Amino acid sequence: MSRFVLENRAARRVFLDRHALSETPQGAASGLDLLDLIKRLGFVQVDSINTVARAHDLILFSRRPRYRQKALKRLYEKDTALFEHWTHDAAIIPVDYYHWWHLRRRRDAERLRKRWKAGRREGFEAQFQTVLDQIRAEGPLTSSDVGADEKRGSGGWWDWHPSKTALEYLWRSGALHVVGRNGFQKRYDLTERCLEQHLCHDANMPDHDETVDWLCRAALDRLGFATHGEIAAFWAHITPAEAKLWTDTALARGEILQIDVIGVDGRTRPAFAFPQLPEDPALQTQPTGRLRILSPFDPALRDRKRAERLFGFEYRIEIFVPEARRRYGYYVFPILEGDRIVARVDMKAHRDNGNLHVRALWPEPKIRWTKSRAQSFEAELLRITRLAGVDEVTFADDWLRLEPM
């Protein structure tokens, strides 16, 4: 029996559907509706850069333009429906998934102790009990509230004082829980005071095999199709070898199938999918033509190589590249239209002046920047001003670029 072949356009449709980018961006964006969206995505990456809006806010806004930052804050801090931990990076995650992070917390406890003892300020382990006792007595604290007699540095991770390192370690390994943020500074409390008791004890946690099974199934469901390496990378809790063992076992049981996916360059790449994929409605669903601006950390673009294979979109964030060597700009936003990435834009919200300033826009190769497309772009910019907290949009004189800088 021949393998199912997923043509490139169909692959893009499935992928966009799984990332909630196929349907028209509309609908309620608070409470349970917002929580359902985050569950659909799996998690939302948290990032401190606020060039236009923070990554988590733009990720949610691009799918629900009625979204406002206070809705996520309420869901996270007041309703306690979300928790913060790590996937490939810091992320906000539905609290329903908390017990599936037991393996990650246990592995972080082992890995970080070794790494931080070797590479960070000595003495953080000696501060564990002191930090826990202080939080128990005083309630939720930030890193600036602990280690008052310790030397303070620049604030970079390489110069954390021992008590700050202890806070982070106790959070990553499970004794502490992040209950919110002051600005972008985390507030930590005792996990036992924040969560239901059955979530706080190792005896109630799923075992290794149960966890791997859930992680792999949940990843494949949100990716639509994937290699074992891509499955492992989705939550970033398990190794490619563990994901490969799962795909081998699930394939032998008939729980998944192996397919061939055609890239934008015509090349074929094997992947795994659930047996229902050949009948998936997304295969025939034309994504909305509504133009929208995505965060560089959007889950649909997080795997840069996958985005390049499916969409022909090569993207490298250049925040750490010296200005003179940047090809585009410090923080450049991809622009999605239908099932294509059509352009990228360098822009910044100047809140002191009340404007969103577009410095440059580069259409992708073979994309014409038509009058209709320009109007759609300007309409999206006006929508984003509400999220960015500014009133108007301004453009540099030479903002439309036909070639990279």
- Message: I need to check one value: relative contact order of the stretch 42-195, counting alpha carbon pairs closer than 8 Å and at least 6 residues apart, in percent.
- Response: 21 percent
- Task: First compute the accessible area of the stretch 225-359 with a 1.4 Å probe, then give the percent of it belonging to carbon and sulfur atoms.
- Result: 51 percent
- Query: Could you work out Rg/(2.2 N^0.38 Å) for the stretch 193-290, with Rg from alpha carbons only?
  - Reply: 1.33
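Find the relative contact order for the stretch 45-109 and round it to a whole percent, using C-alpha pairs within less than 8 Å whose residues are 6+ positions apart. List each step's numbers first, then the result.
Values: 51 pairs, mean separation 15.6, N = 65.
Reported as a whole number, the value is 24 percent.
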- Item | Centroid-to-centroid separation of the stretch 43-93 and the stretch 128-145 [C-alpha atoms, Å] | 25 Å
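222 nm [θ] for the chain, helices only, -39500 (n - 2.57) per DSSP H run of 4+, per residue, to 500? Don't jump to the answer; show the numbers that get you there.
Numbers: 13 runs with 142 residues, N = 405.
Taken over the chain, the calculation gives -10500 deg cm²/dmol.
If the convex hull of the alpha-carbon atoms of the stretch 261-405 is projected onto planes in all directions, what is the mean projected area in square nanometres? Intermediate values should be presented prior to the final figure.
Values: hull surface 42.8 nm².
For the stretch 261-405, the mean projected area of the Cα convex hull comes to 10.7 nm².
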- Using the Cα atoms of the chain to build a convex hull, what is its mean projected area in square nanometres? 21.9 nm²
- Task: Once you've got the GNM for the chain with C-alpha springs shorter than 10 Å, pick whichever of GLY263, GLY289, GLY183 has the biggest mean-square fluctuation.
- Result: GLY183
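Convert 25 °C to kelvin, take the viscosity as 0.890 mPa s, use the Kirkwood radius over C-alpha pairs of the stretch 1-152 as Rh, and evaluate the Stokes-Einstein diffusion coefficient in µm²/s, rounded to a whole number.
Numbers: Rh = 18.8 Å.
Answer, rounded: 131 µm²/s.
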- At 0.692 mPa s and 37 °C, Stokes D of the stretch 229-271 from Kirkwood alpha-carbon radius, µm² per second: 285 µm²/s
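Within the P(r) computed for the stretch 256-334, what percentage of the Cα pairs occupies the region above 21 Å?
Beyond 21 Å sits 46 percent of the P(r) for the stretch 256-334.
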- Item | Measure of compaction for the stretch 1-87 (Cα Rg per 2.2 N^0.38 Å) | 1.29
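Once you have the Kirkwood Rh of the stretch 344-386 from its Cα pairs, apply Stokes-Einstein at 10 °C and 1.306 mPa s and quote D in µm²/s.
Values: Rh = 11.5 Å.
Rounded, D is 139 µm²/s.
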- Query: So, how do all the Cα-to-Cα distances of the stretch 257-302 break down into 10 Å bins, in percent, from 0 on up?
  - Reply: 20, 34, 42, 5
- Note on the structure: tail above 12 Å in the computed P(r) of the stretch 1-45, as % of all Cα-Cα pairs, reads 70 percent
- What is the chain's relative contact order, in percent, from Cα pairs under 8 angstrom and six or more apart in sequence? 18 percent
- Item | Dimensions (Å) - the stretch 84-138, Cα atoms, principal axes, largest first | 33, 31, 16
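ALA374 to ARG3: extension gain in nm, 0.36 nm per residue of separation minus the Cα-Cα distance?
129.4 nm
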- Query: How large is the accessible surface per residue of the chain, computed with a 1.4 Å probe and reported in Å² as a whole number?
  - Reply: 47 Å²
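The values are calculated or read from the model by the stated rules, or taken from the named source; none is laboratory data. Everything numeric in this text was worked out from a predicted model, so none of it was measured. Accessible surface areas use protein heavy atoms only, side chains included; no ligands, DNA or RNA. Shrake-Rupley method; radii C 1.70, N 1.55, O 1.52, S 1.80 Å.
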